[in-house]
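Okay, so here's the structure we're looking at.
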Amino acid sequence: MSTERARGPLAGVTVIGLEQAIAAPLCTRHLADLGARVIKIEQPGSGDSTRHYDTVVGGLSAHFTWLNHGKESAALDLRAAEDLTLLERMLETADVLVSNLGPGALDRLGLGVDELARRYPRLIIVDISGYGRGGPLDHKRAYDLLIQAEAGSCAITGTPDHPAKPGIPVADIGTALYSYSAVLAALYDRERTGHGAIVPVAMLDVVSEMMGFALNQFLHTGTEPVPVGMGSPMIAPYGSYPTADGQVAVLGTTSDREWRRLTELMNRPDLAADARYAHNDDRVACRAELDVAVGKWCAERTLAEIQAAADAAGIGNARLNGVRELAEHPQLRDRGRWREIGTPSGPVPALLPPGTALGWPAVHGSVPALGADTAALRAEFAPESADV
């Protein structure tokens, strides 16, 4: 294996992160997972806001540890001419800039995306914002909950009387993954054209894309999906059902064929023969009565019995787990999905990144202390270095 390959497929790529919170840091962390050098720019004294959410990981926050291992931290006050000049020197040799600073922050620094593209024509610039440039909301700050509320995600989660934000910050994570994939495409395109790219990614656009099925339903029927808690407004039966041993089974049918298999599993030929349940849209209209039938069947059996029978019949099923069960999950353990990463307080467990090719190395980075690499970066990018 070559030295470059041993360091990861993005070895030699330098990424500058003008980043905070989740969306941009998760994007750049995944780039670091593939071997890119990621230099995180933080405000001196305070740093990324997620550093201070809690102290559960040996004094570090759960969020910051998740999002920032494998990076260098430079504490720079970009309002100071010396520090802004240092950033500009970094950008001269960088490949990618990812920013999710507040509205207008780059422009106020004299680093608007058009100016950056003019000065650094090979630079790939990912400009993450809440609402995009233009339109009546482009000035607004944006957080995961706000974007999910604005884009309708909360209205199709929970129940009709109790809308809910999904526990996972899907607006932030979706934005991170779209940004990450765009960086990879832009690096490939630069190999062919020699040119960088400006990639604007609006969180509102990301969640609007994720709402695709719900949007289509409304656009073509005028009817909005009604949230159904642990289920899908578009499929039935599909939900969670208490078991005889006090657990919760999750069962789903995603086609008419699976529905027929479920009725066989339940020994309910009457349901299979009932024309009211023949097709999925029919079953959605009869969701409540089908949930009663499936719920009664599950309530008379243990989770193990239900899962064994469902597996044998080819019916998708799962157990409703909590975070504790996920942390102890045998599927993650037995497949070697855990690794150790370094922190200022010592090594801690972390999951391997989901999308890596067989043969790519696992890049085990550390979580940096605030400004841990500032002095080294000042020396590396000093004017004398540029003249050597």
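Every number in this text was worked out from the coordinates using simple rules, so none of it is lab data. Keep in mind it's a predicted model, so treat the numbers as computed, not measured. Neighbour counts run over all protein chains shown; Cβ positions are idealised from the backbone, glycine included.
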| Looking only at Ala236, Ala312, Ala142, which one moves most when the chain is put into a Gaussian network model with springs between Cα atoms under 10 Å? | Ala312
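If each residue of separation counts as 0.36 nm, what is the full-extension length gain between Asp245 and Ala308 once their alpha-carbon separation is subtracted? Mind dumping the intermediate values first?
Details: separation 63, 0.36 × 63 = 22.68 nm, distance 1.48 nm.
Between Asp245 and Ala308, full extension yields 21.2 nm more.
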| note | Fewest to most Cβ atoms within 10 Å: Val323, Val183 sort as Val323, Val183
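Mind checking the dipole of the stretch 231-319: about its Cα centre, +1 per Lys or Arg Cβ, -1 per Asp or Glu Cβ, Debye to the nearest 20? Working shown, then result.
On the way: 10 positive and 13 negative charges, 15 e Å.
The calculation lands at about 80 debye.
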| When the chain is fully extended, how far beyond the present Cα-Cα distance does Leu320 get from His162, taking 0.36 nm per residue of separation? | 54.8 nm
| request: Using only Cα atoms, locate the centre of the stretch 133-201 and the centre of the stretch 275-337, then give the distance between them in Å, rounded to an integer. | output: 31 Å
| message | Given points 7 Å out from each Cα along the Cα-Cβ axis, report the Arg79 to Arg257 separation in nanometres with one decimal. | response | 6.4 nm
| query | In a Debye calculation with equal point scatterers on the alpha-carbon sites of the chain and no solvent, what is log10 I(q)/I(0) at q = 0.10 Å⁻¹? | reply | -0.80
| query | Which of Gly12, Leu106, Cys154 sits farthest toward the positive end of the charge dipole of the chain, with +1 on the Cβ of Lys and Arg and -1 on the Cβ of Asp and Glu? | reply | Gly12
| said: Among Ala36, Ser345, Ala312, whose Cα projects farthest towards the positive end of the dipole of the chain, with charges put on the beta-carbon of Lys, Arg (+1) and Asp, Glu (-1)? | reply: Ala312
| message | Once you place label points 7 Å from the Cα toward the Cβ at Asp281 and Arg141, how far apart are they in nm? | response | 4.6 nm
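In deg cm²/dmol and to the nearest 500, what is the mean residue ellipticity at 222 nm of the chain if only DSSP H runs of at least 4 residues count, each as -39500 (n - 2.57), divided by the residue total?
Values: 19 runs with 162 residues, N = 388.
Value at 222 nm, helices only: -11500 deg cm²/dmol.
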